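Visitor: Below you will find the structure I want to go over with you.
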Amino acid sequence: MIFSLPGQLRGPECKRVMQQAIALRKRLEPWFASVDGGTILELGIALRVDGSLGSFGPEGIENIVIEGGKVECDVVISNHGWADLSDKEIAVILRGRVLEAISNCLSTAGVPFEPDALAASVR
């Protein structure tokens, strides 16, 4: 299964979140390569990261869509004061939101997976 993790940012300080998102996506690639999604071939999670220039709305997972072998959703992440956090703190916040979104999307699409194996792939 192909996994994509693009993002939209509401402030220059949010670039640090995307740096962690790239690292997280790379760590998840082997896990996704092992998932048999059946008719689902791709999962795309669009990060909407709030920052100093505004907000995308309430934090959470929204707009789960299944179409043509692809599952997509948006994940709104509220402003956590990105400039004042360490890379490790940002990674922990991001990992939790992304793993929750992956679980929700795959469950909604009826794709069997082991949540423990997913979490273990990014520890």
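What follows is calculated from the coordinates using simple rules that are stated; it is not laboratory data. The model shown is predicted, which means the values in this text are computed figures rather than measured ones. Virtual Cβ from ideal backbone geometry, glycine too; neighbours counted across all protein chains shown.
Visitor: Using Cα pairs under 8 angstrom and six or more residues apart, how large is the relative contact order of the chain, in percent? Each step should come with its number before you reach the end.
Guide: Details: 215 pairs, mean separation 36.4, N = 123.
Dividing the mean separation by the residue count of the chain yields 30 percent.
Visitor: Still on this structure: I want the local charge near residue 77. Using Cβ-Cβ distances under 9 Å, sum +1 for each Lys or Arg and -1 for each Asp or Glu among the other residues.
Guide: Working: positive: 48, 97; negative: 50, 59.
So the surrounding residues net to 0.
Visitor: Moving to a separate point now. Can you give the calculated 222 nm mean residue ellipticity of the chain, where each DSSP H run of n ≥ 4 adds -39,500 (n - 2.57) and the sum is split over every residue, rounded to the nearest 500 deg cm²/dmol? List each step's numbers first, then the result.
Guide: Numbers: 3 runs with 49 residues, N = 123.
That calculation yields -13500 deg cm²/dmol at 222 nm.
Visitor: How long are the three semi-axes of the equivalent ellipsoid of region 2-120, in whole Å, if each is the root of 5 times an eigenvalue of the C-alpha gyration tensor, listed from largest down? Write down the numbers at each step before the final one.
Guide: Values: eigenvalues 127, 48, 24 Å².
Taking √(5λ) for each Cα gyration eigenvalue gives 25, 15, 11 Å.
Visitor: Once you have the Cα-Cα distance between residue 15 and residue 107, take 0.36 nm times their residue separation minus that, and quote the gain in nm to one decimal.
Guide: On the way: separation 92, 0.36 × 92 = 33.12 nm, distance 2.99 nm.
Computed gain between residue 15 and residue 107 is 30.1 nm.
Visitor: At 0.36 nm per residue, minus the direct Cα-Cα distance, what do residue 55 and residue 4 gain on full extension? Give it in nm, one decimal, please. Provide the component values of the computation, followed by the final result.
Guide: Working: separation 51, 0.36 × 51 = 18.36 nm, distance 2.23 nm.
So the extension gain works out to 16.1 nm.
Visitor: Give me, ordered by chain and number, the residues 5 or more places off residue 3 or on other chains with an amide H under 5 Å from its own placed amide H.
Guide: Excluding prolines and chain starts, which carry no amide H, the hits are 43.
Visitor: If you fit an axis through the alpha-carbon atoms of helix 15-34 and take the longest principal axis of the Cα set of the chain, what angle between them do you get, 0 to 90°, nearest 10?
Guide: Computed tilt is about 10 degrees.
Visitor: Using the alpha-carbon atoms, what tilt in degrees (0 to 90, nearest 10) does helix 87-109 show relative to the longest principal axis of the chain?
Guide: 30
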